[in-house]
Amino acid sequence: MTDAAVPSAVIMDRAAMLEVAFSASAMAVALLDVSNRPIMVNPTFEQQLGPLFKLQHMALNDATADDKANADIAQALKRARENGTTERVRDSNMLTVAGPAGFPLPRHFDWSLRLGKDGIVVASASAVSEADEQQRERDAELLDFFQNAPIAMHWLSGTGEIMWANNTELRVLGYTAEEYIGQPVMKFCPDEEELVLEIFKQLGSGNTIKDVPVRFRAKDGRIVPLLIDSNVNYTKAGDFNHTRCFIRDDTGRRIREARKDARLSEAVRTHKLFDAFVSRTLHLIRTPCHILAQDLEDAQESLARGDALTPQGEIEPSCAKSMDNARRMVDRINQMTVDFFEARKVEEGAEFLMSMAEHDLVMICKDAVVEAQDLCKPGVHVSLEFEEGGHLLRTDEAALRRVLHHLLRNAAHATSAGSIKVHVSHLAQAVQVRVSDTGCGLDPNDKYTFARYRQPPPSELEASGMSEDVVQRSRVKLEADLSLSSGNEGIGIGLSLCYALVAALGGELRYESRPRDTSFWFSLPRAESEAGPSQPAFTIEAFQVLASKGEAEADIVTRHRNKHSRLSMEAPSIAATSTVPTLPTSESDSGSWNEAAHPSKVARAGIFESGRAPHVLAVDDSPLCRKALSTMLTKLGCTFDLAEDGVEAVEKLRAGMEDTRMSYDIVLMDIRMPNMDGHQATRIARDELHCTQVPIVAVSAEAVVDTTGFTAIQPKPITAKVLKHVLRVHCSSLIAND
């Protein structure tokens, strides 16, 4: 027995302590002061851990062989002192110095720590045998298997309390053991009481449950979807002991299923978008094809009649016009396909090869203005303003013409009333071209105006992480733009192509927009020496006038202005109703019609040999189709009104119902139109306006599935011969009535 100095405050019966606590004990016992250093040890302690003189200057936890044992004993000593409880620490790896040579060797002990009087802690230790260590290792391995298994597990008592849960389950739900174990399971299953009771009922009947979905509430408030597999452990007496529940986080499975559904939905949506794209593209190609067919038929009839040539051997003007129009339709179809493929190449990184040469900028702009006027709605005029300066520009003529074509075509489509203007100004080392219109305008905050299909490019979608918000906005916008009823013309590549072409020409396409004032402009480099002789400023205005034969022709009016004055000439507006000479119904209303036509003119029109020609409402959203219909109706001797969508058609039908002088004998109704399609317009005409006696013929390039309200279906293209037949069939009553 070894003594050490004992503080005077410590009063104890040394002899009794030696006799009872130390000498007779098979356990290693030490008394620890307030610093947890040993101040007295028994013989067993000295034999197993080492003599007091070697250990009395270090705290008990510092005599350990690893950090884990150090931390475990330190925390246990702290709890024993603070709470006055007996703390136990299992399998602590201690560094012993008890051998003959006093060489430090690790050995495992189980400790019991209890607070005595005056802050003295009684530390008792039992050495762990090698067999015990091996068993404990096996136990620890098995315990680790359950505690840290990749699947969550818990036991429930027969009354539904959580008896045990492994670390995985605690980690999944975010609770500590103290917050979770010992609590009723219903506390963590919101709105699942009926399901939990059914689970207990099944388990109590000896059944095993598998893949039962249930929801648990995590500590942070999240609702975690889980799948439960469970059966019951019974006592030897056959009583319900506890459940064995294995739970798996069902979030991953649900996410996979949601992704699968999303991929399926995306595939379906992609197919629909592809169908919409193809339908829209074919619709845009089909319209000029129909016009082409009509023009070729007109030319063929002229050849068949033998009047295709004048006595001087020149092509008759109307035949030449048909052939020229046919050529323009072929060019339009070809340009549409070229635009599509070139826009795709630009998106893939290809660059345009420009063929730069000296060209007359005035002629290029003038041709563009004349072409644009042909696309405008009635009452809209197009003008070219050229400031004083040189007319020459070194550029790629074809590329510049394509840019102006797209910009003016968009302006014509967007402008219902007012004007479209091309303004050319001369800068120090450049020439600026600006296209302005008084149309509906664009969204000034739309940063994808010059993007293909007005969509975010793939690089931006990737940078955004393909967030649901970005993708959803892109999806909705694309679906709306591709819809045949959107009112948009083209397939969404014109502006992106223009931007690339202007860049290849050395400029940058920009725009600004507000209602009734939209401008696109670009500046192309030009040295002063390349501009050619300076010419006076001038204005060219192109507009439609009614020729003497009643047909719409394009006329160019040129006015010059000097630097200090500007001559302006308003273009006459074309009324929505175009009429040809026809017999007045009475003397009283003769003033409301054009000059009376000779009956032989009506006969030559070939519709009715007697009586009056029908008054027609032709409805189509395509300016080309409206123009073709107006030309054919004029040649057939009909009076007619034109409407560009269902809304305008309903308004004109309502006016005709209120005033019999404006009533229609037949309606030619397109199906696919913006704002209101032909189906809806026909339903309103029949059901609300009670327009039941007027034939409404659906004129469509698509198969009309819903024929409700239509008198007949007439597929496009509708040629003059077909139109003549349609009018004969559905307006034959005019012969008997007149």
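The values are calculated or read from the model by the stated rules, or taken from the named source; none is laboratory data. Keep in mind the model is a prediction, meaning the values are calculated, not measured. Heads up, the Cβs are rebuilt from the backbone with ideal geometry, glycines too, and the neighbour counts pull from every protein chain shown. SASA here: full protein model, heavy atoms, side chains in, ligands and nucleic acids out. Shrake-Rupley method; radii C 1.70, N 1.55, O 1.52, S 1.80 Å.
Residue under question is residue 335, and the condition is that it be of a type in the set (S, T, N, Q), farther than 23 Å from residue 401 by Cα and open to solvent by 50 Å² or more (accessible area, probe 1.4 Å); does it hold? In short, no.
For first residues located in segment 300-314 and within 17 Å of residue 326 (Cβ to Cβ), partners that are open to solvent by 60 Å² or more (accessible area, probe 1.4 Å) and lie 6+ apart or on another chain with Cβ distances below 8 Å form the pairs 308/315.
Here 132, 118 are screened, and the one residue that is open to solvent by 60 Å² or more (accessible area, probe 1.4 Å), touching a residue at least 60 places away in the same chain (Cβ under 8 Å) and over 60 Å from the mean Cα position of the chain (by Cα) is 118. For residue 385, the conditions (1) open to solvent by less than 50 Å² (accessible area, probe 1.4 Å); (2) acidic (Asp, Glu); (3) in a helix (DSSP H, G or I) are fulfilled apart from (3). For segment 41-81, the tally of residues that are touching a Leu at 6+ places or on another chain (Cβ under 7 Å) and hydroxyl-bearing (Ser, Thr, Tyr) stands at 1.
Restricting attention to segment 639-669, the residues that are modelled with pLDDT under 90 and touching a Leu at 6+ places or on another chain (Cβ under 7 Å) total 1. Is it the case that segment 55-63 has a residue that's open to solvent by less than 10 Å² (accessible area, probe 1.4 Å), among the polar types (S, T, N, Q) and within 29 Å of residue 137 (Cα to Cα)? No.
Within segment 26-44, the presence of a residue that is under 60 Å from the mean Cα position of the chain (by Cα), modelled with pLDDT of 80 or more and open to solvent by less than 70 Å² (accessible area, probe 1.4 Å) is excluded. Only one entry of 98, 149 meets the criterion of being without any contact (Cβ under 8 Å) to a residue 60 or more places away in the chain, crowded, with 18+ Cβ neighbours inside 10 Å and assigned to a loop (DSSP other than H, G, I, E, B), and that entry is 98.
Annotation note: Cβ proximity below 8 Å between a residue of segment 708-729 that is open to solvent by 50 Å² or more (accessible area, probe 1.4 Å) and a residue that is at pLDDT 90 or above and assigned to a helix (DSSP H, G or I) (sequence gap 6+ or interchain) occurs for 708/679; 708/682; 708/683. If you take the residues in segment 678-704 that are within 37 Å of the chain's Cα centre (by Cα) and not in a helix (DSSP H, G or I), which one is modelled with the lowest pLDDT? For segment 678-704, the residue satisfying everything is 704. Checking the structure you have, find out if any residue of segment 48-56 is over 20 Å from residue 106 (Cα atoms) and in contact (Cβ under 8 Å) with a residue 40 or more places away in the chain. No, the conditions are met nowhere in segment 48-56. If you go through segment 46-61 and keep only what is more than 18 Å from residue 103 (Cβ to Cβ) and not aliphatic (A, V, I, L, M), you end up with 56, 57, 61. Candidates in segment 651-669 are the residues that are outside any helix (DSSP H, G or I) and of a type outside the set (Ser, Thr, Tyr); of these, the one that is farthest from residue 625 (Cα to Cα) is 659. Selection over segment 101-132 of residues that are of a type in the set (A, V, I, L, M), assigned to a loop (DSSP other than H, G, I, E, B) and within 21 Å of residue 47 (Cα to Cα) gives a count of 2. Applying the criterion of being among the hydroxyl-bearing types (Ser, Thr, Tyr) and either open to solvent by 60 Å² or more (accessible area, probe 1.4 Å) or within 38 Å of the chain's Cα centre (by Cα) (or both) to the residues of segment 215-270, the residue that is modelled with the highest pLDDT is 234. Within segment 170-196, the residues that satisfy the criterion of being of a type in the set (Asp, Glu) and in a helix (DSSP H, G or I) are 178, 179, 193, 194. Of everything in segment 638-650, what is open to solvent by less than 30 Å² (accessible area, probe 1.4 Å), part of a helix (DSSP H, G or I) and of a type in the set (Val, Ile, Thr)? Give them in sequence order. Passing the criteria: only 650.
Annotation: residue 608 fulfils all but one of (1) open to solvent by 10 Å² or more (accessible area, probe 1.4 Å); (2) modelled with pLDDT under 80; the unmet one is (1). Out of 398, 412, report the one residue that is touching a residue at least 12 places away in the same chain (Cβ under 8 Å), part of a helix (DSSP H, G or I) and open to solvent by less than 30 Å² (accessible area, probe 1.4 Å). 412 is the lone residue from the list that is touching a residue at least 12 places away in the same chain (Cβ under 8 Å), part of a helix (DSSP H, G or I) and open to solvent by less than 30 Å² (accessible area, probe 1.4 Å). Being farther than 16 Å from residue 95 by Cβ and in a loop (DSSP other than H, G, I, E, B) is the filter here, so list the residues in segment 27-65 that pass it. Listed by number, the residues that qualify are 27, 33, 34, 35, 42.
No other residue among 636, 624, 617 is at pLDDT below 85, within 21 Å of residue 715 (Cβ to Cβ) and touching a helix residue (DSSP H, G or I) at 6+ places or on another chain (Cβ under 7 Å) apart from 624. For segment 197-214, name all the residues that are outside any strand (DSSP E or B) and open to solvent by less than 70 Å² (accessible area, probe 1.4 Å). Listed by number, the residues that qualify are 199, 200, 202, 203, 204, 206, 207. Just so you know, in segment 165-179 the residues that are in contact with a strand residue (DSSP E or B) (Cβ under 6 Å, 6 or more places away or on another chain) and without any contact (Cβ under 8 Å) to a residue 40 or more places away in the chain include one that is nearest to residue 249 (Cα to Cα), and it is 168. Out of the residues in segment 156-178 that are among the charged types (D, E, K, R) and surrounded by 14 or more Cβ atoms within 10 Å (Cβ to Cβ), which is farthest from residue 199 (Cα to Cα)? Looking at the filtered set, the residue picked out is 169.
Checked against (1) surrounded by 19 or more Cβ atoms within 10 Å (Cβ to Cβ); (2) assigned to a helix (DSSP H, G or I), residue 363 meets all criteria but (1). The single condition from (1) open to solvent by 40 Å² or more (accessible area, probe 1.4 Å); (2) in contact with a strand residue (DSSP E or B) (Cβ under 9 Å, 6 or more places away or on another chain); (3) at pLDDT 50 or above; (4) in a loop (DSSP other than H, G, I, E, B) that residue 572 fails is (3). Does residue 208 qualify as being in contact (Cβ under 8 Å) with a residue 12 or more places away in the chain, over 22 Å from residue 147 (Cα atoms) and of a type in the set (Val, Ile, Thr)? Taking the combined requirement at face value, the residue satisfies it. Against the test of being outside any strand (DSSP E or B), loosely packed, with under 13 Cβ neighbours inside 10 Å and at pLDDT 90 or above, the options 78, 68 yield a single qualifying residue, 68.
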